[in-house]
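Visitor: The structure's right below; bear with me while I get my questions together.
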2 protein chains.
Amino acid sequence: MPKIVDHNLRKKQIAEASWRVILEQGMEGATVRNIAKEAGLSLGALRHYFSTQDELLEFAMKLVMERATDRIEKIAVKELPPKDMILKILMQLVPTNPETLAEMEVWFTFISYARHKQVNMDLPHDRIYQGMTKLIRSMDQLKLLRKDLNIDLEIERLYALVDGVAIHALMEKERMNQERIYELFVYHLNSIWVEEQ
Amino acid sequence: MPKIVDHNLRKKQIAEASWRVILEQGMEGATVRNIAKEAGLSLGALRHYFSTQDELLEFAMKLVMERATDRIEKIAVKELPPKDMILKILMQLVPTNPETLAEMEVWFTFISYARHKQVNMDLPHDRIYQGMTKLIRSMDQLKLLRKDLNIDLEIERLYALVDGVAIHALMEKERMNQERIYELFVYHLNSIWVEEQ
């Protein structure tokens, strides 16, 4: 069914055009008209894929999450020692290169906008919280964690750490670069992991 | 010099009016006209205090920082055991009540806006990083910290933790309430503090 594939591909291209508009002009510029222009489509053609601006923006934001999820799934299927895998997964949750910095910037801009517009979109706000829950529970099952930890609070702590690092990576790019972030995650994990397996 | 006091008081009242406008309408609504209306002033009267919108917004954002700094300074002069004081200071850096939630919301909205407008304001982005540096170094000098810590990375970790918690307190108010935040800070500090003084 090549028709459907093309349809989905076109929707992704439109979503990516909306990211570029948001990055350049902020949410104020993210009108259906501007996005159509950026995507090289007529307004009518764009409306064929998304009938409202909210529908388009919701799709564009879900695509940001989907790309991060895809990167993580690619790591999860690899044959890696558990500690290496956990570190690699954490590094996918924070912006460390131009592509992921742009994704984070779009996400941050959108979240701030959506709060004031009272846009009621079905966005997975707590996806990272669920991810951290899974990660800490896996470490616990693999007996990687020290015995004296409070699992519930370790989830909360890792969740706050990851989002704090993500914000700092965006706001203070030079200081909070990939090396520094990696160093911090290794340090944190070493503080909760048992010394040797 | 009552004239000067009145002038400063009026500027604060205008800044607070701009917060209310931002909270209700987002940055798109934060025009000089709307802020003047909210403050109950004519446009000409407002221009007497702030000649441009950027000047007004810069003042309003600095006032958010100033209020947090004032709250912390009030704690710092109290006669408190060091560990209690440190916990109380950390609790001032995250939104835990309607007043500080509103401050955080205004700050968050503004930061996101300023990034796209390329507004070049003299805002103390890294004030909290400096504060965390001071806090961790004080703990070290007071011999409160475990011997095996990396001080530099403990500053970075506390900084990320505080900002991550602040974002979650804003986004997930119900789960990340005052009790939960306090519990997490106590847990984190207990993991780096020596058992007994």
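The values are calculated or read from the model by the stated rules, or taken from the named source; none is laboratory data. Quantities reported herein were computed from a predicted structural model and do not represent experimental measurements. Glycine gets a Cβ as well: all are built from the backbone with ideal geometry, and neighbour counts include every protein chain shown.
Visitor: On the basis of being at pLDDT 95 or above, surrounded by 15 or more Cβ atoms within 10 Å (Cβ to Cβ), in a helix (DSSP H, G or I) and in contact with a Leu (Cβ under 8 Å, 6 or more places away or on another chain), does A:K88 make the cut?
Guide: The answer is yes for A:K88.
Visitor: Output yes when any residue across the stretch B:147-167 is over 23 Å from A:N190 (Cα atoms) and either in a helix (DSSP H, G or I) or assigned by TED's automatic domain parsing to the domain that holds B:I22 (or both), and no when none is.
Guide: The answer is yes; a qualifying residue exists.
Visitor: Mind checking which residues of the stretch B:126-142 are in contact (Cβ under 8 Å) with a residue 60 or more places away in the chain and assigned to a helix (DSSP H, G or I)?
Guide: Within the stretch B:126-142, B:R127 is the sole residue that qualifies.
Visitor: Only residues that are part of a helix (DSSP H, G or I), within 13 Å of chain A (Cβ to nearest Cβ) and either touching a Phe, Trp or Tyr at 6+ places or on another chain (Cβ under 9 Å) or closer than 19 Å to B:K117 by Cα (or both): list them for the stretch B:24-35, please.
Guide: B:Q25, B:M27, B:E28, B:G29, listed by residue number.
Visitor: Quick one: B:S51 ticks every box in (1) exposed (fewer than 15 other Cβ atoms within 10 Å of the Cβ); (2) modelled with pLDDT of 95 or more bar one, so which box is it?
Guide: (2) is the only condition that B:S51 fails.
Visitor: Assuming A:H168 fulfils every condition listed in (1) under 22 Å from B:F108 (Cα atoms); (2) surrounded by fewer than 21 Cβ atoms within 10 Å (Cβ to Cβ) apart from one, which condition is it?
Guide: Checking A:H168 against (1) under 22 Å from B:F108 (Cα atoms); (2) surrounded by fewer than 21 Cβ atoms within 10 Å (Cβ to Cβ), the one that fails is (2).
Visitor: Same structure, new question: Check B:D152, B:D126 and return the single one that is modelled with pLDDT of 85 or more and among the charged types (D, E, K, R).
Guide: After ruling out the rest, the residue left standing is B:D152.
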